[in-house]
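The values are calculated or read from the model by the stated rules, or taken from the named source; none is laboratory data. A quick note: this is a predicted structure, and the numbers were derived from the prediction, not measured. Please note: Cβ atoms are built from the backbone with ideal geometry, for glycine as well, and neighbour counts cover all protein chains shown.
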Amino acid sequence: MANYKEHLVHINTFIFDYDGVLTDGSVITTNEGDAYRISNVKDGYALQLATKKGYRVAIISGARSESMMHRLKALQISDIFLGVEKKILIYREYLQANNLKPEQVLYMGDDIPDYEVMLEAGISACPADAAEEIKSVAKYISHFNGGKGCVRDVIEQVMKVQGKWMTDDACHW
């Protein structure tokens, strides 16, 4: 692929894995069995802005927890698929249900369960600390690690290419 930025103009949908992308992949488990994850507020800002600007934002994750659902709902993300065993199946169903072409989708994943989707997405991206197998198929590797701004990085790049970053409505909430 030529310069990946040339293809960002077509992106209208962001799909992200959760653990290792929206978080650093760490999970703190309490004695009661609750699992806590830490997410980045800059990623959260970019996700909210993307939805307000009319982009589709979806999460496809093999994990499932109430805390994940609370965080995603707080970010106004409604297309949430948790506890997914075969991400490629959900990805294909999502594209069909929303009448999307792969070139309209940026998918960001970090590990082996994301591999098949990375091969089909128009732009496949990953955090700097992704698994080597994922880096080998990514069209863009963020300079930021998972949970440390990689989501903001790709959303900001797409919005800048499309002239939707730092507009008046983006700066006044």
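Summary of computed values
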{"item": "Residue within region 18-32 that is over 23 Å from Met166 (Cβ atoms), at pLDDT below 95 and part of a helix (DSSP H, G or I) present", "result": "no"}
{"item": "Long-range neighbours under 6 Å by Cβ, at least six apart or interchain, first residue closer than 14 Å to Tyr4 by Cα and surrounded by fewer than 10 Cβ atoms within 10 Å (Cβ to Cβ) within region 157-173, second of a type in the set (A, V, I, L, M) and at pLDDT 65 or above", "result": "none"}
{"item": "Restricting region 5-43 to residues that are of a type in the set (Ser, Thr, Tyr) and surrounded by 18 or more Cβ atoms within 10 Å (Cβ to Cβ), the residue that is nearest to Ile60 (Cα to Cα)", "result": "Tyr18"}
{"item": "Criterion violated by Ile155 - all others in (1) over 24 Å from Lys52 (Cβ atoms); (2) part of a helix (DSSP H, G or I) satisfied", "result": "(1)"}
{"item": "Search result, residues across region 13-55 that are touching a Phe, Trp or Tyr at 6+ places or on another chain (Cβ under 7 Å) and within 18 Å of Ile123 (Cα to Cα)", "result": "Thr13, Phe14, Ile15, Leu22, Ala50, Tyr55"}
{"item": "Those residues of region 130-141 which are touching a residue at least 24 places away in the same chain (Cβ under 8 Å) and farther than 11 Å from Asp17 by Cβ, in sequence order", "result": "Lys139, Tyr140"}
{"item": "Count - residues of region 1-17 that are among the aromatic types (Phe, Trp, Tyr) and at pLDDT 95 or above", "result": "2"}
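Table: residues versus (1) of a type outside the set (A, V, I, L, M, F, W, C); (2) touching a residue at least 12 places away in the same chain (Cβ under 8 Å); (3) closer than 15 Å to Leu8 by Cα.
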position	(1), (2), (3)
Gln76	yes, yes, no
Asp79	yes, yes, no
Lys87	yes, yes, no
Glu93	yes, no, no
Tyr107	yes, yes, yes
Asp110	yes, yes, no
Asp114	yes, yes, no
Leu119	no, yes, no
Ile123	no, yes, yes
